[in-house]
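Everything below concerns the one structure shown next.
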Amino acid sequence: MSFKVPRGTQDILPGQSEKWQKVESVLRELCHVYRYQEIRTPMFESTELFQRGVGDTTDIVQKEMYTFEDRGGRSLTLRPEGTAAAVRSYVEHKMFGQPDQPVKLSYMGPMFRYERQQAGRYRQFVQFGVEAIGSADPAIDAEVIALAMDVYKKVGLKDLKLVINSLGDKETREAHRTALIGHFEPEIGAFCSDCQKRLEKNPLRILDCKVDREHPLMATAPALTDYLTDYSADYFAKVTNYLDVLGIPYEVDPNLVRGLDYYNHTAFEIMSTASGFGAITTLCGGGRYNGLVEDIGGPDAPGIGFALSIERLLLALEAEGVSLETNDELEMYVVVMGEAAKAKAIDLVSTFRANGISADMDYADRKMKAQMKTADRQGAKYVIVLGETELEEQAVNVKEMATGDQQKVAFTDLVSYLQK
């Protein structure tokens, strides 16, 4: 009987995992620079958290969640996104009481959605995200967007496009909702069953439908920006002004609504414009979610954040032909000749490692030629051959593989020689 990874998942093998580590190190360094502290939440939460937080009219809640009942009869769900869990933690641990607001959080880990597998999209995927909770200042919106853009610039991506929109406040949304219902209702029977259900519950979701996106009514739908209140319009103008100050180019797209119910005011996406990247170009999405903290049982604490898929980031790197510089250098390989030399080889390798020198040795009792081939394949910087003669002399020839130069060094001086 043979086993394979479950559909929609993947094994990240050596050779590829180093790229993940490099990306993860860039993300952690940027979070340090921007002062976003890491939070780690459980991989599963109460199902109701996502129903209330993400929105029960979203595709995520209606179609994509991995939900199960535990032995105590509680309904639990593998986390499909990170914001709801981060906000739950913010409320539960009373972070709103901290003297410095907003509380700036970052997270990275696996998320789970039951959806059709596509290039760079998996049912288990790794998401990095940040949340800034506790400030309604449009300047923090600009900071969050700047951090998202910096992620892609730091790894070397250039073919990027930032698209932003304002989803307005509650008054804006109500006026726009009425206009959308009036626009779609006469022909709603021509739309998919999901859109027919959304018409009354949340007509804004119709604009995000993948099935009916080519319907003529989509192109002529009332733009949310036409219904912005003075406050919402002023807020959006300040966000775009701050982006101008930061020198971050953007496009305003009035049809950008995002796929989650909790968004209001600023919404944005970062897309890849690289040729050959694929039909789905979105790399990252985020926005403001004033009111979400209250919906989850907390006080009035406005927030904004974004999330990105590391799988799709790596796909964009591939599309642009960008190679990540990874540090997986093998500094020393010990070739062992005979059983008598093995104990000393084990001792030397252990000493190298204790001093921060990456080292390896043969564990298959192969001939010297085969061991040298292994050292070459693994890109060893130095090689020593350890046999009876070397044991007697308490010294060994250190060979630099790139030049072929050799230097005789006493066992006791090996570490200091390599460190130089």
Two pseudo-spin positions, 7 Å from Cα along C-beta at LEU217 and at ASP376, lie apart in nanometres by 7.0
If each K or R counts +1 and each D or E counts -1, the residues other than ILE188 whose Cβ falls under 14 Å of its Cβ total -1
Accessible-area order for GLU251, GLU325, largest to smallest, probe 1.4 angstrom, reads GLU325, GLU251
For region 337-395 the chymotrypsin sites (Phe, Trp or Tyr not before Pro) that pass both the DSSP coil test and the at-most-15 other-Cβ-within-10 Å test are TYR363
Only helices counted: for the chain, with every DSSP H run of 4 or more residues adding -39500 (n - 2.57) and the sum spread over all residues, [θ] at 222 nm is -10500 deg cm²/dmol
Note on region 334-420, DSSP bridge orientation, antiparallel percent to nearest 5 equals 65
Most fluctuating of GLY168, GLY298, GLY72 in the GNM of the chain (C-alpha, under 10 Å) is GLY72
With every protein chain kept in place and a 1.4 Å probe, region 195-250 has an accessible area per residue in Å² of 57
Normalised Cα Rg of region 161-247, dividing by 2.2 N^0.38 Å with N its residue count, works out at 1.24
Among LYS22/LYS63; LYS161/LYS201; LYS104/LYS238, the pairs whose Cα-Cα distance exceeds 26 Å are LYS22/LYS63; LYS161/LYS201
Counting only DSSP loop positions in region 1-56, the chymotrypsin sites (Phe, Trp or Tyr not before Pro) whose Cβ has at most 13 other Cβ atoms within 10 Å are PHE3
Listed residues PRO254, PRO42, PRO102; largest mean-square fluctuation, Gaussian network over the chain with Cα springs below 10 Å, found at PRO42
The percentage of the accessible area of the chain (probe 1.4 Å, all protein chains present) made up of carbon and sulfur atoms, to the nearest whole number, is 47
Per the Kirkwood formula over distinct C-alpha pairs, the hydrodynamic radius of the chain in angstrom is 24.9
Expected max-MSF residue from LEU228, LEU13, LEU162 in the GNM of the chain (alpha carbon, under 10 Å) is LEU13
Output ordering of 400-408, 208-216 (per-residue mean of other Cβ within 10 Å, highest first) is 208-216, 400-408
One would report the antiparallel percent of DSSP beta bridges in the chain, rounded to the nearest 5, as 80
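The values are calculated or read from the model by the stated rules, or taken from the named source; none is laboratory data. For clarity, every value in this text was computed on a predicted model and none was experimentally measured. We place every Cβ from the backbone using ideal geometry, glycine too, and count neighbours over all the protein chains shown. Just the protein is used for accessible areas: all its heavy atoms, side chains included, with ligands, DNA and RNA removed. Shrake-Rupley method; radii C 1.70, N 1.55, O 1.52, S 1.80 Å.
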